[in-house]
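Enquirer: Let me begin by handing over the structure; questions about it come next.
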Amino acid sequence: MLDQADVEHEMVVTMRTQHAKDILYALDVKAWDGVVAIGGDGLLSDIINGLFSRDPENQHKALSNLPVAICLLYTSDAAD
């Protein structure tokens with residue numbers, strides 16, 4: 001969809017638990033206009049924890065300048 005709309009973007013596929021946390025922790029927030037995540041509540045949690053794991057000065061910059069949107073793609077891993 002972003003390709004069709006000619007929106008410049010980079011797609012990153014997470015490969016392990018807390019991968020998104022590591023990515024957002026190290027992300028240069030000045031280089032990006034926002035983050036769009038497609039996944040479930042675990043991915044959203046990792047993203048928010050990655051931003052909150054920064055030192056206080058960088059945490060404030062990241063949280064106040066980087067919009068985060070999530071498109072829920074839900075599969076249940078709960079026992080029936």
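The values are calculated or read from the model by the stated rules, or taken from the named source; none is laboratory data. Given the structure is predicted, the values throughout are model-derived calculations rather than measurements. Cβ atoms come from the backbone with ideal geometry, glycine included; neighbour counts cover every protein chain shown. The protein model used for the area step is the full one, side chains on, heavy atoms only, and it has no ligands, DNA or RNA in it. Shrake-Rupley method; radii C 1.70, N 1.55, O 1.52, S 1.80 Å.
Enquirer: GNM on the chain, C-alpha springs below 10 Å: top fluctuator among ALA31, ALA69, ALA20?
Expert: ALA31
Enquirer: To the nearest 20 Debye, how big is the dipole of the chain about its Cα centre, given +1 on the beta carbon of each Lys and Arg and -1 on that of each Asp and Glu?
Expert: The dipole of the chain has a size of about 260 debye.
Enquirer: Take the solvent-accessible surface of the protein heavy atoms, probe 1.4 Å, and return the percent of it on the chain that carbon and sulfur atoms account for. Before the final figure, lay out each step's value.
Expert: Values: 3420 of 6380 Å².
With neighbouring chains kept in place, the figure for the chain is 54 percent.
Enquirer: Summing +1 for each Lys or Arg and -1 for each Asp or Glu, what net charge is found among the other residues whose Cβ lies under 14 Å from the Cβ of HIS60?
Expert: +1
Enquirer: Could you work out the Rg to Rh ratio of the chain, with Rh taken as the Kirkwood radius (inverse of the mean 1/r over all Cα pairs)? Display every interim value, and only then the final one.
Expert: On the way: Rg = 13.6 Å, Rh = 13.6 Å.
The Rg/Rh ratio comes out at 1.00.
Enquirer: Rolling a 1.4 Å sphere over the protein heavy atoms, what is the accessible area per residue of the chain, to the nearest Å²? Walk me through the numbers on the way to the answer.
Expert: On the way: 6380 Å² over 80 residues.
Using a 1.4 Å probe on heavy atoms only, each residue of the chain averages 80 Å².
Enquirer: Express the relative contact order of the chain as a whole percentage, based on alpha carbon pairs under 8 Å and six or more residues apart in sequence. Display every interim value, and only then the final one.
Expert: On the way: 71 pairs, mean separation 27.3, N = 80.
So the answer I get is 34 percent.
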